[in-house]
Structures are given as structure tokens and as C-alpha cells.
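Novice: I have a structure here, written as C-alpha cells, and I will follow up with some questions on it.
The values are calculated or read from the model by the stated rules, or taken from the named source; none is laboratory data. Fair warning: this is a prediction, and the values are worked out from it, not measured in the lab. As a convention, Cβ positions derive from the backbone with ideal geometry for all residues, glycine included, and neighbour counts pool all protein chains shown.
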Amino acid sequence: MVNVAARLGYLDTLPRIWLPDPDAPPQRKAIIFPYIGDLLWAIRAGKNKLYCVNWSVKDDVSMFKRPLDRLARARPQRKRGGASELLERHELECAYYGGAGIRTVLLGANEIDCHVVNNLRHLFLHHRNETGLSLAEQVEMLERFQRCIETEVSPVNLITHLCGSGRYSFEACRDVLFQGIWNRTLRVDLFSPILIDRPFRPEEKDVVAVYADWFREQSC
């Protein structure tokens with residue numbers, strides 16, 4: 001990062017911390033402190049191929065284009081600051097990862113559909129739960145949930161029926177349902193609320209396709 005900053009002429013942008021100088025006590029010396037990234041994805045693109053994508057995430061995508069108030073307060077002594085400094089930081093990050101063939105994506109949380117966020121958070125809570133059911137039982141149950149989607153019957157009706165037979169618990173039925181959605185066996189609309197007491201809407205937009213560009217490999 002120091003080499004990249006020097007090459008771009010942004011060495012003063014790098015954050016520093018002051019530590020005791022072991023060679024000249026009690027003097028203190030400035031040490032460049034590395035930037036800490038948000039998310040670095042390792043994505044499998046085939047049997048023997050992996051690539052990485054660097055995500056830089058803020059609450060709102062507009063924050064990549066304007067100064068952060070806290071930066072202005074933290075560094076009042078800096079002559080260069082605000083939007084200029086922020087853009088330098090983003091350029092540094094992109095150049096640093098780009099040198100290793102890693103694409104940087106600037107993302108705002110406000111770019112993600114709120115229903116997708118809430119649905120995935122809820123599904124994630126159940127995606128690894130042990131159901132205690134055999135594979136054949138799970139496959140049969142998923143087929144019946146699929147028919148519920150096709151006939152616009154709320155999943156809770158089927159769950160109530162299955163629990164009433166004494167064969168399954170509510171938790172097992174719910175986890176099979178949510179895991180089927182998480183694993184994309186059941187294709188439902190993630191852009192609307194997933195509520196088991198309401199009929200599920202069939203998938204209209206594939207969430208993976210909608211956000212595919214965020215995971216794309218850097219072009220050569």
C-alpha cells in the first residue's frame with residue numbers, strides 16, 4: 001500500500017500512528033497504519049479456479065462521493081481533506097487490489113432491496129439447522145411445498161397438516177421449507193416478504209442475476 005500511495009502521489013493520505021522510537025527514546029516515530037477493508041470475497045468459478053472481489057461498503061452509495069464529517073473532525077490540521085481525500089482513499093484501494101488482479105466494487109447498503117435483506121437474514125438463521133429427517137422425507141416435503149407455491153396455498157396450511165399427523169414437528173417443517181429456499185430448490189420471490197401464513201409468490205427476478213455484477217471477476 002505504501003508503494004502504491006507513493007506511485008500515485010498520495011503518501012500523505014495514509015493513516016499514521018505514533019509509537020515510541022526504540023532507537024531514540026523517548027522520541028516517537030510515525031508508523032503508517034494499514035487500511036482495513038470491508039469484505040474480500042473468494043469465489044469459486046470452476047473446479048480448479050478461484051478469484052477474489054473486494055467490496056467497499058457504506059450505508060449510502062453517495063458517501064463514496066462526498067466527505068465524511070467524522071474525517072473532517074478527526075483531521076482538522078490537514079489542508080487537503082474532504083471529498084478530495086476521500087476520493088484518494090478509494091483510488092488507493094482500487095489500485096492496491098487491482099495490482100493483484102482483484103476488482104474493487106463500491107457498494108451502498110441502500111442499493112440492496114430491503115425485502116431481500118430481511119429475507120436472507122431470516123433464512124440464514126435456519127439454513128444449517130438439523131431437521132432430523134431423512135433425505136427422502138425432505139425431498140417429499142419440498143415437493144409438497146412446491147405445490148403450495150404453484151397453487152397459491154400458504155405454507156403454514158401444509159405445515160399444520162404435517163404436524164397434525166404426528167410425523168413431523170413444526171420446527172422440522174419450517175427448517176426444510178427455509179432451507180429449500182436458501183438452497184434455491186424452491187424458487188420464490190425474495191423481493192417481497194416471505195411469510196409462511198401467506199402464499200409465496202413465485203420467483204420473478206433471480207436475486208443472483210440482479211446482483212451478479214457485484215461478484216464479477218476483474219476483466220483482463
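Novice: I'd like the full set of residues that are buried (at least 18 other Cβ atoms within 10 Å of the Cβ) and under 14 Å from Leu39 (Cα atoms), limited to region 89-102.
Specialist: Correct list: Glu93, Cys94, Tyr97.
Novice: Which numbered condition in (1) assigned to a loop (DSSP other than H, G, I, E, B); (2) modelled with pLDDT under 95 is the only one that Val208 fails?
Specialist: Status for Val208: all satisfied but (1).
Novice: Still on this structure, I have one more. Which one is farthest from Leu107 (Cα to Cα), of the residues in region 19-59 that are in contact (Cβ under 8 Å) with a residue 24 or more places away in the chain and not hydrophobic (A, V, I, L, M, F, W, C)?
Specialist: Our first condition is that a residue be in contact (Cβ under 8 Å) with a residue 24 or more places away in the chain; within region 19-59, this holds for 32, 34-35, 37, 40-41, 43, 45, 51-59.
From the residues that got through so far, the ones that are not hydrophobic (A, V, I, L, M, F, W, C) too are 34-35, 37, 51, 54, 56, 58-59.
Values: Pro34: 21, Tyr35: 17, Gly37: 13, Tyr51: 19, Asn54: 10, Ser56: 6, Lys58: 6, Asp59: 8 Å.
Top of the filtered list is Pro34.
Novice: In this structure, does Asp197 turn out to be touching a residue at least 12 places away in the same chain (Cβ under 8 Å), touching a Ser or Thr at 6+ places or on another chain (Cβ under 8 Å) and outside any helix (DSSP H, G or I)?
Specialist: Numbers: touching a residue at least 12 places away in the same chain (Cβ under 8 Å): yes; touching a Ser or Thr at 6+ places or on another chain (Cβ under 8 Å): yes; outside any helix (DSSP H, G or I): yes.
The answer is yes for Asp197.
Novice: So Ala209 clears everything in (1) farther than 30 Å from Cys52 by Cα; (2) surrounded by fewer than 15 Cβ atoms within 10 Å (Cβ to Cβ); (3) among the small types (Gly, Ala, Ser) except one condition, right? Which one?
Specialist: (1) is the only condition that Ala209 fails.
Novice: What helices (runs of 4 or more DSSP H) completely inside region 75-179 contain at least 1 residues that are touching a residue at least 24 places away in the same chain (Cβ under 8 Å) and over 18 Å from the mean Cα position of the chain (by Cα)?
Specialist: Working: elements: 82-98, 114-124, 135-151, 155-164.
Here the list reads 82-98, 135-151, 155-164.
Novice: Taking region 34-74 on its own, how many of its residues are at pLDDT 85 or above, closer than 18 Å to Pro15 by Cβ and over 13 Å from the mean Cα position of the chain (by Cα)?
Specialist: Of the residues in that region, 0 qualify.
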